[in-house]
1. Would you please report the Å³ per residue occupied by the convex hull of the alpha carbon atoms in segment 3-164?
2. Mind giving me the FRET efficiency for GLU326 and ARG149? R0 is 45 Å, r the Cβ-Cβ distance, nearest 0.05 is fine.
3. For segment 287-331 and segment 1-75, what is the centre-to-centre distance using only Cα atoms, to the nearest Å?
4. I need the phi-derived Karplus couplings for segment 12-17: 6.51 cos²θ - 1.76 cosθ + 1.60, θ = phi - 60°, integer Hz, Gly and Pro marked x.
5. Place a label point 7 angstrom from the Cα of GLU35 along the Cα-to-Cβ direction, then list the residues of segment 64-85 whose backbone nitrogen is under 19 Å away.
6. What does the charge count near LEU120 come to, summing +1 for each Lys or Arg and -1 for each Asp or Glu among other residues with Cβ under 9 Å from its Cβ?
7. Once all Cα-Cα distances of segment 81-201 are split into 5 Å bins that start at 0, what whole-number percent is in each one?
8. Quick one: divide the alpha-carbon radius of gyration of segment 11-54 by 2.2 N^0.38 Å and tell me what you get.
Amino acid sequence: MNSVLEQIIKYDSEGANLDFKKEEYSLGRVEKKYEILKDISAFANHHSDADKYILIGVKEVNGVADSFFEIENLTDEAKYQQFLVENIEPKINFEYKSVMYDGIKIAYFRIFDNKNRPYLFKKNLQNPITNNTEYKVGDGFIRLGASSRKLERADFESIYKNRFAEKDRKNDLVIESYFGTSDNEEIINFNVKYLDIRIENQSNKSIEFDVEMKVFQSENVTLISEDELVKKIIKNREKPVRGFGVDYEIMQPQMMNLNIHLEENDSFILISRNRFKKGVAINLAQNSFESDIFCKYLLVLGDVNEIKAELIIRSDAFTEGRLIKELIFKK
């Protein structure tokens, strides 16, 4: 059995994302023929983008699964799909499948990826038994807790506000911290480590941002810029360099890295990417990444196993404010 469904049956109770039904929805001439339209559209209209489930063949007691009933002749999913398309707009994404649980064949609706809210009735529908108008064009329902109610004006305002508002895009970025071995020609023979980060944009839209990082100093940590280390090597080129234990004949000093700005404080070093003439420091294309964000510039001397840092990223795409992430660099 699907492990997600198994966990739902064992531990979850009816609510905004879950409902239990003892029997299948009937599409025949029955009084509750349109119940499936109300139930599925109500789940789709709920503001959460998480998957919602209606489990069929499950009797609930106090909102939790209590007993199970075999679904012998499963209704074809295509019939339910057609019925929803004929009566609800826009189209609601869902699937209807059977599954075995404790030796009993039950079924489930999974309602997923429905972000084009609101989902509304597209025609007047009469009760097949009483012939009274049960639903009107434009009617809509929303799941609240373990029940559903008709959409109200405040619901529509909330739906449209959320639908057209720009989403905060912090979750589009995946950040990885790491140590690397410097490949600077001046110091490559010393096997000096640098610390840096990799940022990946996992969305289908490019994103621009500025980035800086506080790297916290401690008694066991010696942090130094690439430029500063090269200067020290030049100064000591005729004698052993402390900490390396070797003589090193320095070549010409390299130019300062203009992509990076570094400030030293009592408790931390602040390193950031420069903007130059651009509006922002970094522009990541859709589904792309950039490694060595700080250009391998901040070096670590000595045998250090762990360094703590705080990353700060600012972007107009972060509608809820800057991204602040604690990092731990480990060898």
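What follows is calculated from the coordinates using simple rules that are stated; it is not laboratory data. Here the structure is a predicted model, which means the values were calculated and not measured. As a convention, Cβ positions derive from the backbone with ideal geometry for all residues, glycine included, and neighbour counts pool all protein chains shown.
1. Details: hull volume 18.6 nm³, N = 162.
Convex hull volume per residue, Cα atoms: 115 Å³.
2. With R0 = 45 Å, the Cβ-Cβ based efficiency is 0.60.
3. Here the two parts' Cα centres lie 45 Å apart.
4. So the J values, rounded to whole Hz, are 9, 10, 4, x, 5, 10.
5. Output list for this probe position: 64-77, 79-81, 83-84.
6. Details: positive: LYS122; negative: GLU89, ASP139.
Residues near LEU120 contribute -1 overall.
7. Histogramming segment 81-201 at 5 Å steps yields 2, 8, 9, 12, 12, 10, 8, 8, 6, 4, 5, 5, 5, 3, 1, 1, 1, 0 percent.
8. 1.26
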